[in-house]
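Here is the structure we will look at, set down as C-alpha cells.
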Amino acid sequence: MHPTSNTEIAEHVNACLQLAILLEINTPKPGNVHRNAKFNKTNYEHFLASAVAIAPSFKTAATQGILTAERKTPLAEIGIGRIIKDAIERINSWQHGGNTLLGTTILLTPMAAAAGKTLKENKETFNLAKFRADIKSIVTATTPEDAVAVYEAIDIAKPGGLNKAPQFDANEPSSKQKILKTRTTLFEVFKISAEYDSVSSEWANNYTIVFDVGYPFLKKEVETENNINKAVVHTFLKILSKIPDTLIARKTGLAKAKEITSQAKQVLKLGGLNTEKGKKTLVKFDENLRDSENKLNPGTTADLITATLALHILSGYRP
C-alpha cells in the first residue's frame, strides 16, 4: 500500500531504511561483522541495537523532506547535520560496541529526507529519477552549521582510519571554527574529502556508486537468484571489485586496497556463491581480510551496500 499521510510516509521511509541496515548486517559479507562473525569490540548485536536506535532520526529526516515538499521548510533548513549528530548520539547510548553506523548514517540521512520529499510529491509511484534529483538538491543545500554538527558526530562515534586530512581535519578541534569562519558547507567539505573517502564521494557525485553500480547489479541478482543473502554478497563483491575500499586505503595504503579489489574481482570471476571454487575462494578471501586490528575491514563498502539496499527497498523490494 502506498503511504499517503505525512505520518505514513515518515513511518514507511524509516521502515525501508531500518530494513536495509538489518539485511546488510545479517548477510555474511567478507571481512565485516555479521550474524556469524564479530570484531574484538563490535558484534552483531551492537548493529541490531544501532538499527533500532536510529529510527527516530530517519523519521525526522523524512518529515523534514515532506515539509520541503509542502514549502513549509527551505532545503537549507532541513538540518541534515543535526539529524546525523542526533542519530549518532542515540546509537552511542544504545550499545557499547563503538562506531557501528557513522558512514551509513551519513549516506542514509539525505536519502531519508529525499524519500519523504519524493513520496509527498509523487503519491502513486516511487520515481527513482526524481528521488536522485531530490538527494542532490538536499545535499547541495547543506550549511556550515550542518558541517559542524557532522564533525561533532564524528567526535562522538570516534571512527577508525580517519588519518590527517589536508583541509578541515576532523581530528583538529579548530576545524569547526574554520568551517564557520569560511562559511564552508557540509557539501563543500565532502567535495574536498571525496578523493579519499567513498561516502564523501557519494555526496559529491550524486550517489554514483549506489545508483549506477550497486543498485542495477543487486536488482538483477535478486531477480536471478531469489536469495537476498547471496545477492547482497555478490553485490558487495561487485562494488569492491570496482572501487577500492577507502577505509582500507586510509588504514593500509591504496596499493593494498587495490590488491583487495583484485581479489574480490577474482572471487566473482570464479562464480562467487554459485560454484564450489567460488565458495572456497570467498572463504579464503574472508579469512585474509580478518586481523586483530581490523585493518583490512571493507567497512566503507558495507556502508555503500546498506545504501544500495535502501534504494532497492524504497523501490518496492520486500523479502
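Just so you know, all these numbers are worked out from the coordinates, no wet-lab data involved. Bear in mind that the values here come from a model prediction, so they are computed numbers and not experimental data. Cβ coordinates were reconstructed from backbone atoms using ideal geometry, including for glycine residues, and neighbour counts include every protein chain displayed.
Along the charge dipole of the chain, which of Q266, P216, V189 sits closest to the positive end, that is, farthest toward it, with unit charges on the beta carbon of Lys, Arg, Asp and Glu (+1, +1, -1, -1)?
Q266
The range 70-100: which GluC sites (Glu not before Pro) are DSSP loop and have at most 12 other beta-carbon atoms within 10 angstrom?
E70
Is the range 69-116 rounded, prolate or oblate when judged by the Cα gyration tensor, a ≥ b ≥ c being the square roots of its eigenvalues, rounded requiring a/c under 1.5 and prolate requiring a/b larger than b/c?
Here the range 69-116 falls in the prolate category.
How large is the helix-only mean residue ellipticity at 222 nm for the chain, computed as the sum of -39500 (n - 2.57) over DSSP H runs with n ≥ 4, divided by its residue count, in deg cm²/dmol to the nearest 500?
That comes out to -21000 deg cm²/dmol.
State to the nearest 20 debye the size of the charge dipole of the chain about its Cα centre, where the only charges are +1 on K and R beta carbons and -1 on D and E beta carbons.
It comes to approximately 580 debye.
What does the highest-first list of 28-37, 55-64 look like by mean Cβ count within 10 Å?
Those peptides, ordered most packed to least, come out 55-64, 28-37.
Mind jotting down a quarter of the surface of the convex hull over the alpha carbons of the chain, in square nanometres, one decimal?
The directionally averaged projection comes out at 14.9 nm².
Quick check: pseudo-label points 7 Å beyond the Cα along Cα→Cβ at K130 and K181, how many nm apart are they?
4.5
What list of ³J(HN,Hα) couplings, whole Hz, do you get for the range 109-117 from phi and the Karplus terms 6.51, -1.76, 1.60, once you set θ to phi - 60° and write x for glycine and proline?
3J(HN,Hα) across the range 109-117, in whole Hz: 4, x, 5, 5, 5, 5, 5, x, 5.
Ranked highest first by the average count of other Cβ atoms within 10 Å around their residues, in what order do 90-103, 270-283 fall?
90-103, 270-283
Normalise the Debye intensity by I(0) for the range 1-132, one equal point scatterer per Cα, no solvent, then take log10 at q = 0.16, 0.19 Å⁻¹ and round to two decimals.
Treating every Cα as an identical point scatterer, log10 I(q)/I(0) equals -0.78, -1.00.
State whether the range 80-173 is rounded, prolate or oblate according to the following rule on the C-alpha gyration tensor (a ≥ b ≥ c being the square roots of its eigenvalues): a/c under 1.5 gives rounded; otherwise a/b larger than b/c gives prolate, and the remaining case gives oblate.
Judged from the Cα gyration tensor, the range 80-173 comes out prolate (a/c at least 1.5, a/b above b/c).
With respect to the cross-link table entries K130/K251; K117/K191; K85/K265; K136/K295; K29/K176, which display a Cα-Cα separation exceeding 26 Å?
Long pairs (Cα-Cα over 26 Å): K130/K251; K85/K265; K136/K295; K29/K176.
What order, most packed first, do the peptides 180-191, 144-155 have when packing is the mean number of other Cβ atoms within 10 Å of each residue?
144-155, 180-191
Label-point separation (nm) for T224 and R318, each offset 7 Å from Cα along Cα-to-Cβ?
Computed distance between label sites T224 and R318 equals 2.6 nm.
Could you tally the net charge around V283, taking each other residue with its Cβ under 12 Å from the Cβ of V283, Lys/Arg +1 and Asp/Glu -1?
Within the 12 Å Cβ shell, the charges total +2.
How big is the range 177-250 by Rg and Dmax over its Cα atoms, in Å?
For the range 177-250, the Cα-based Rg and Dmax read 15.9, 53 Å.
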